[in-house]
1. Can you pull out the residues in the range 491-546 that are free of Cβ contacts under 8 Å to residues at least 40 places away in the same chain, surrounded by fewer than 16 Cβ atoms within 10 Å (Cβ to Cβ) and touching a strand residue (DSSP E or B) at 6+ places or on another chain (Cβ under 6 Å)?
2. Just the residues that are farther than 16 Å from residue 247 by Cα and either modelled with pLDDT of 95 or more or surrounded by 19 or more Cβ atoms within 10 Å (Cβ to Cβ) (or both), please, taken from the range 290-308.
3. Can you name the helices (runs of 4 or more DSSP H) wholly within the range 270-382 that have at least 3 residues being farther than 30 Å from residue 54 by Cβ and under 24 Å from the mean Cα position of the chain (by Cα)?
4. Which ones in the range 418-450 are part of a helix (DSSP H, G or I) and surrounded by 15 or more Cβ atoms within 10 Å (Cβ to Cβ)?
5. Out of 33, 28, which single residue is over 44 Å from the mean Cα position of the chain (by Cα) and part of a loop (DSSP other than H, G, I, E, B)?
6. How about the range 222-234: which of its residues are closer than 18 Å to residue 178 by Cβ and out of contact with any helix residue (DSSP H, G or I) (no Cβ under 7 Å at 6 or more places or on another chain)?
7. Right, residue 377: at pLDDT 85 or above and outside the structural domain of residue 86 (by TED's automatic domain parsing) or not?
8. Any chance you could count how many residues in the range 224-258 are surrounded by fewer than 16 Cβ atoms within 10 Å (Cβ to Cβ) and under 23 Å from the mean Cα position of the chain (by Cα)?
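The values are calculated or read from the model by the stated rules, or taken from the named source; none is laboratory data. Every value quoted in this text rests on a predicted model; they were computed, and no experiment measured them. Note that each Cβ is placed from the backbone with ideal geometry, even for glycine, and that neighbours are counted across all protein chains shown.
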């Protein structure tokens, strides 16, 4: 009595796409010596797979898979086998009918791209099937990576639609990653902030890994390079891990150059670079690198967690953003591990989980960059304000807010360098008459109020371009620029003198103080800041001795006074 036929896929055109795993059976080939004839002669060796999630884990042996199919009588007979996981080294596809081999096609990443029956990013081949007939697809799979096998049968239109959808998705995610890389490189070039360069390295490694994993790189970039096809996954993973070590260490301890954490993280980056070199020279195998990266890839995040927790507890958004990114990374990694081991089904979301997680991580790390840049700018602003405050304290009188002697010297030196006979500079040295009695009678607080009131009155009688300075005590200096002649300088001094005929109202107290002014003009009297001030000061002292409340000019050899 003949054994019952196994359940088969019913190939109906209306369905468009059919998953193969519900009817798939398998047998192992530990010695990798079985041929298709050996398999056909031993139909009793077919077994149920350990699980029907769509993956068989990382295996050193070869695996044979059988997919029974029955073509519907109404079908046009055109069906495509599609194995949508590009990272499979060799797939021998056998089309069998009634125990006879009809066609043998070799697919896989180890095959030259030009030799593929369909030049798609996945492993696909078209078959012309006879309606109403029963077939077996027998696949032999051998790979150094994980045996993730999303096997489907498509009509031509369904295959095209699936391919276009995936290409659109990969285009969007790749375009986003490229924008992030170009942005970070541009920022690195303009700001010289090393964190942007490390972010670019991390993002580039992640992008390269995705391009390899989903076949876009082989389809468009390194089509003819079998060496790069074989090494792309390992090299890109090591590149991304190197970027992770550097980026996380710089984010958390870049301001602590002697930090042990920083040294260990940079040591991890050096280790990754060393492993990448050994792998590129084929000193290390793909299987060894895969094992190393699966452990090493988690180290940057695990080492960074304590520092990120400390920052989070301190209210720093950088810490919480890093922790969120690592939660996403660990979840995505867990899904990948689940897919590889068959604990989770192979579908659109699980196949793209790592890519989606990596993209979200890149955006979260971009936020870290923004927060770090914001913090740097804030620190620079605080430093600038502190510098301005120190400068103000060094050049400003704290009571009146006027420039002090040092501030006046700077302004006077600048103005004298541009003075001419048509654009004269006048310096007025002024001392209050009767200030000491007011201070002694009413106290220092009233004296300080009077000095502030004097400042306001002087400001009301000079031009906006003129500079008023307090030299100390009750001595003030005014520097007037862009004067067209000696008479204009004299008139301005007289105007200042006249302003002090009116008394000062200080709350309920009214006081009267006068003013004695001595002045000198540049470039006529002197072009030296110190010399000009000495002439004006001498003129003021002369005025004090001759009766106070006067305006006097000292040119060194003649005096001009006004009472």
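1. Of everything in the range 491-546, just one residue is free of Cβ contacts under 8 Å to residues at least 40 places away in the same chain, surrounded by fewer than 16 Cβ atoms within 10 Å (Cβ to Cβ) and touching a strand residue (DSSP E or B) at 6+ places or on another chain (Cβ under 6 Å), namely 503.
2. 292, 293
3. Answer list for the range 270-382: 299-313, 317-340.
4. Across the range 418-450, the qualifying residues are 435, 438, 439, 442, 446, 447, 449, 450.
5. 33
6. none
7. no
8. The number of residues fulfilling the criteria is 3.
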